[in-house]
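What follows is a short report on a single structure.
The values are calculated or read from the model by the stated rules, or taken from the named source; none is laboratory data. In this text the structure is predicted, and so the values were computed from the model without any measurement. As a convention, Cβ positions derive from the backbone with ideal geometry for all residues, glycine included, and neighbour counts pool all protein chains shown. Surface areas here come from the heavy atoms of the whole protein model, side chains and all, with no ligands, DNA or RNA. Shrake-Rupley method; radii C 1.70, N 1.55, O 1.52, S 1.80 Å.
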Amino acid sequence: MEIINIKDTSNKLYYVGGVVRDELLGIESFDIDMTYEGNAIEFVQQKLQGIEDFEIVQVNEPFGTVRVKVSGREIDIASTREEVYEKKGHLPSVTRIGCSLKEDSMRRDFTVNALYKSAVSGEIIDLTGGLDDLKNKTIRVLHDESFIDDPTRILRGLKFSIRFGFDLDEHTKKLQENYLKNINYDMCYKRVKKELIETFNLNSQAAFEKFIKQNIYKLVTEKDVILPKEDIEELIKEYPVENVWLVYAGCIGDLSRLPLTKIEQKILDDFNAIGELKNDFEIYKAFEKVSTETILLYLILKNKFAAKRYLETLSKIKIEITGEDLLKLGLKPSRKFSEIFDYVLVKKLENPELSKEDEINIVRGII
Ligand code: CTP
């Protein structure tokens with residue numbers, strides 16, 4: 001993990017959070033977070049600027065953080081800081097920059113994410129019992145207000161428990177249950193969405209079952225949700241999709257609180273627009289132009305048979321005849337074209353073996 005090769009004689013620069021946790025677990029970490037016990041911006045400007053292959057990418061004064069690039073790798077260096085959640089569920093404000101490591105650790109989510117590793121000596125600093133919790137595979141908050149301050153930590157707890165096979169400690173579980181019985185819905189849903197994406201992109205049925213059974217979904221909607229019968233993890237392995245998280249999250253039904261992209265909203269709107277499907281032609285027309293995410297949601301929540309019929313069989317059938325062929329038959333371009341294609345499609349769904357020649361003959365038969 002030794003990325004910054006500097007002579008920090010003050011020994012106040014540390015790796016912190018996920019990167020320390022992951023190294024101790026023996027897994028690779030992609031994001032590197034560091035903290036400076038003091039003012040990180042001043043430290044970077046005075047001590048690091050000018051060293052080889054180093055540049056400052058971005059400075060965030062109010063938060064006392066600075067993003068730097070060292071040997072092509074971006075790293076966030078934060079000042080040790082204290083924070084207060086004036087508006088619960090939203091970004092905190094910084095009340096002091098340059099506090100002690102102990103005070104800095106208390107603003108974090110879980111003990112396993114509050115471990116520091118000296119960038120100079122490599123010594124691990126554990127001020128909250130994080131090492132024991134790592135050993136015992138336990139996720140533990142640092143204080144009783146943790147979920148009230150930042151409810152996204154409930155999702156982070158779920159994400160880490162699935163990613164590492166950890167469990168919430170009993171007291172943390174109680175605090176979570178209490179919070180979920182009395183949710184303050186005025187929270188930052190952009191952050192909720194980010195955690196939902198990271199959690200469900202793990203494609204884990206176990207995560208989804210905990211999400212529903214432990215009422216974590218209540219963070220997103222006040223409506224009741226029951227666990228669907230389908231194993232979503234298996235379905236996605238069989239039918240890969242780009243927006244894995246949305247197949248899971250879509251099962252909640254009401255995502256109106258989340259800031260969705262146009263593509264994500266379309267996936268849900270398409271799903272909501274598809275009603276009962278009575279025959280192969282209706283199934284084909286309903287699914288032909290929608291994403292696999294939409295089809296999987298339909299499979300899970302509405303009609304498994306119809307969606308499977310499309311995915312396994314009908315999606316492989318395509319009519320071969322084109323507009324050009326119709327022109328060659330002497331037809332003038334008009335809305336009739338699509339009626340003709342649909343007519344040929346009905347025949348082709350009845351008999352997928354039809355050749356292009358057969359299709360042309362079918363058209364000849366009706367004009
Ligand atoms: N953190 C927090 N509360 C949050 C988000 C982050 O206390 N809601 C703190 C934790 O100490 C965390 C660190 O900020 O370790 C960095 O956050 P982030 O990069 O989101 O998480 P990582 O722990 O690095 O995990 P990942 O491997 O998923 O990046």
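Quick notes on this structure:
- Lys/Arg +1, Asp/Glu -1 at C-beta; the stretch 1-130 dipole; positive extreme among Leu48, Thr65, Asn11: Thr65
- Selection from Leu327, Ser355, Gly365, by position along the positive dipole direction of the stretch 318-366 (Cβ): Leu327
- Dividing the mean sequence gap of close Cα pairs (under 8 Å, 6+ apart) by how many residues the stretch 318-366 holds gives a relative contact order of 52 percent.
- Entries of Lys218/Lys308; Lys47/Lys69; Lys47/Lys194; Lys229/Lys318 with Cα pairs more than 24 Å apart: Lys218/Lys308; Lys47/Lys194; Lys229/Lys318
- Estimated D of the stretch 1-130 in µm² per second, where Rh is the Kirkwood radius over Cα pairs and Stokes-Einstein applies at 25 °C, 0.890 mPa s: 164 µm²/s
- Applying 1/(1 + (r/R0)^6) with R0 = 45 Å to the Cβ-Cβ distance of Glu52 and Asn178 gives a FRET efficiency near 0.30.
- Using heavy atoms of the protein chains and a probe of 1.4 Å, the accessible area assigned to His90 is about 40 Å².
- With a cut-off of 13 Å between beta carbons, the residues surrounding Thr80 carry a summed charge of -1, where Lys and Arg count +1 and Asp and Glu -1.
- Rounded to the nearest 20, the Cβ-based charge dipole of the stretch 1-130 about its Cα centre (Lys and Arg +1, Asp and Glu -1) stands at 320 debye.
- Percentage relative contact order, the stretch 84-194, counting C-alpha pairs under 8 Å, at least six apart: 27 percent
- Only protein heavy atoms count here; under a 1.4 Å probe, Val57 has an accessible surface of about 70 Å².
- Selected from Ser121, Ser161, Ser291 as most flexible by GNM, with the chain as the system and alpha-carbon contacts under 10 Å: Ser121
- The convex hull defined by the C-alpha atoms of the chain has an orientation-averaged projected area of 24.1 nm².
- Relative contact order (%) - criterion: Cα under 8 Å, at least six apart; region: the chain: 10 percent
- The accessible-area ordering, largest first, of the residues Arg156, Arg81 stands as Arg156, Arg81, per a 1.4 angstrom probe.
- Taking all protein chains into account, the per residue accessible area for the stretch 318-366 stands at 66 Å² (1.4 Å probe).
- Accessible area per residue for the stretch 1-130, computed on protein heavy atoms with a 1.4 Å probe, is 49 Å².
- On the basis of the beta-carbon distance and an R0 of 51 Å, Lys88 and Leu327 show a calculated FRET efficiency of 0.20.
- Summed residue charge, Cβ within 15 Å of Val57's Cβ, Lys/Arg positive, Asp/Glu negative: -4
- Stokes-Einstein diffusion coefficient of the stretch 91-222, Kirkwood radius over Cα pairs, 4 °C, 1.567 mPa s, in µm²/s: 83 µm²/s
- Sulfur and carbon atoms: percent of accessible area, the chain [1.4 Å]: 48 percent
- Here the calculated FRET efficiency for Lys318 and Lys229, from their Cβ-Cβ distance with R0 = 25 Å, stands at 0.20, rounded to the nearest 0.05.
- Annotation for the stretch 207-303: chymotrypsin sites (Phe, Trp or Tyr not before Pro) lying in DSSP loop with at most 15 further Cβ atoms inside 10 Å of their Cβ do not exist.
- Placing +1 on each Lys and Arg Cβ and -1 on each Asp and Glu Cβ, with no other charges, gives the stretch 140-299 a dipole about its Cα centre of roughly 380 debye.
- With K and R counted +1 and D and E -1, the other residues having a Cβ less than 9 Å from that of Leu158 yield a net charge of +2.
- The chain - charge dipole about Cα centre, Lys and Arg +1 at Cβ, Asp and Glu -1, debye rounded to 20: 900 debye
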